[in-house]
């Protein structure tokens, strides 16, 4: 009888471990991984330092891939939270030059357009704010946004303010008011009030000073109300 030589158990185990290790591949974070972590920090932020951290991760994301649309989206929103409005506008506009990744599940273009509306309004660039807001509304109507209302997908978990299409409309109303387009401003306020209450009788005569004053009060009031919803 020929006896086969037994392989010591410890040698066999070592061979298995070495075989497994040789199959492992070194994993490197992608631009999407970096942006995802940036959004995690953004959504949980409780102060400016947290938005600075999210900003840094979005910067890493676009440094990894200079065409990554959502990285620029995150930079725009992070800089906006840090009140660096010029940088916010720059990164939002840069993001619009590119196309979303095949792995993105949200409409990043809508978030860039909304961000540009908010940022330009904050900077006092009301004509630009109106143009960007109109672009979002027009794009939204053509893609079903009339029934599926726009909502920012990275709302801060620590804030009562959940940014959505109502915030966009009150910002548009303020910008229209600032450039003397009072009737358009009224239309936006009517849309907000109708959604909040089901109907509205709000229809001030903006040809009169008193009517414009009433409109201004409603814009300010709704801005406050929506910031706490």
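The values are calculated or read from the model by the stated rules, or taken from the named source; none is laboratory data. Since we're looking at a predicted model, the values are computed, not measured. All Cβ positions, glycine included, derive from the backbone under ideal geometry; neighbour counts span all protein chains shown.
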Inset, instruction - Determine if the stretch 199-211 includes at least one residue that is out of contact with any helix residue (DSSP H, G or I) (no Cβ under 9 Å at 6 or more places or on another chain) and in a helix (DSSP H, G or I). - result: yes
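So that you can scan it fast, the table gives a plain yes or no per residue for (1) touching a residue at least 60 places away in the same chain (Cβ under 8 Å); (2) touching a helix residue (DSSP H, G or I) at 6+ places or on another chain (Cβ under 6 Å); (3) on the phi < 0 side of the Ramachandran plot:
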residue	(1), (2), (3)
30	no, no, yes
72	no, yes, yes
91	no, yes, yes
102	no, no, yes
124	no, no, no
Legend entry - Pick from the stretch 126-140, criterion surrounded by 15 or more Cβ atoms within 10 Å (Cβ to Cβ), in contact (Cβ under 8 Å) with a residue 24 or more places away in the chain and under 13 Å from residue 176 (Cα atoms), ranking: nearest to the chain's Cα centre (by Cα): 133
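Determine, yes or no, whether residue 170 is touching a helix residue (DSSP H, G or I) at 6+ places or on another chain (Cβ under 8 Å) and on the phi < 0 side of the Ramachandran plot. Write out each step before concluding.
Working: touching a helix residue (DSSP H, G or I) at 6+ places or on another chain (Cβ under 8 Å): yes; on the phi < 0 side of the Ramachandran plot: yes.
Taking the combined requirement at face value, the residue satisfies it.
Among 209, 186, which is the only one that is out of contact with any strand residue (DSSP E or B) (no Cβ under 9 Å at 6 or more places or on another chain) and either in contact (Cβ under 8 Å) with a residue 12 or more places away in the chain or on the phi > 0 side of the Ramachandran plot (or both)?
Values: 209 fails: either in contact (Cβ under 8 Å) with a residue 12 or more places away in the chain or on the phi > 0 side of the Ramachandran plot (or both).
So the residue among 209, 186 that is out of contact with any strand residue (DSSP E or B) (no Cβ under 9 Å at 6 or more places or on another chain) and either in contact (Cβ under 8 Å) with a residue 12 or more places away in the chain or on the phi > 0 side of the Ramachandran plot (or both) is 186.
Kindly evaluate residue 76 against the criterion of being over 19 Å from residue 223 (Cα atoms), surrounded by 19 or more Cβ atoms within 10 Å (Cβ to Cβ) and either at pLDDT 95 or above or under 12 Å from the mean Cα position of the chain (by Cα) (or both).
Working: over 19 Å from residue 223 (Cα atoms): yes; surrounded by 19 or more Cβ atoms within 10 Å (Cβ to Cβ): yes; either at pLDDT 95 or above or under 12 Å from the mean Cα position of the chain (by Cα) (or both): yes.
Against the criterion (over 19 Å from residue 223 (Cα atoms), surrounded by 19 or more Cβ atoms within 10 Å (Cβ to Cβ) and either at pLDDT 95 or above or under 12 Å from the mean Cα position of the chain (by Cα) (or both)), residue 76 qualifies.
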Legend entry - Members of the stretch 75-87 that are in contact with a helix residue (DSSP H, G or I) (Cβ under 8 Å, 6 or more places away or on another chain), assigned to a helix (DSSP H, G or I) and without any contact (Cβ under 8 Å) to a residue 40 or more places away in the chain: 75, 79, 81, 85, 87
Legend entry - Residue in the stretch 107-121 that is surrounded by fewer than 19 Cβ atoms within 10 Å (Cβ to Cβ), at pLDDT below 95 and over 29 Å from residue 179 (Cα atoms) present: yes
Inset, instruction - Could you grab me the full set of residues in the stretch 177-201 that are more than 18 Å from residue 149 (Cα to Cα) and modelled with pLDDT of 95 or more? - result: 177, 178, 179, 180, 181, 182, 183, 184, 185, 186
Inset, instruction - Report the residue count in the stretch 44-70 for those that are surrounded by fewer than 24 Cβ atoms within 10 Å (Cβ to Cβ), touching a helix residue (DSSP H, G or I) at 6+ places or on another chain (Cβ under 7 Å), in a loop (DSSP other than H, G, I, E, B) and without any contact (Cβ under 8 Å) to a residue 60 or more places away in the chain. - result: 1
Legend entry - residue 97, sole failed condition from (1) under 16 Å from the mean Cα position of the chain (by Cα); (2) surrounded by fewer than 20 Cβ atoms within 10 Å (Cβ to Cβ); (3) under 19 Å from residue 59 (Cα atoms): (1)
Legend entry - Residue match in the stretch 141-163 (condition: surrounded by 15 or more Cβ atoms within 10 Å (Cβ to Cβ) and part of a helix (DSSP H, G or I)): no
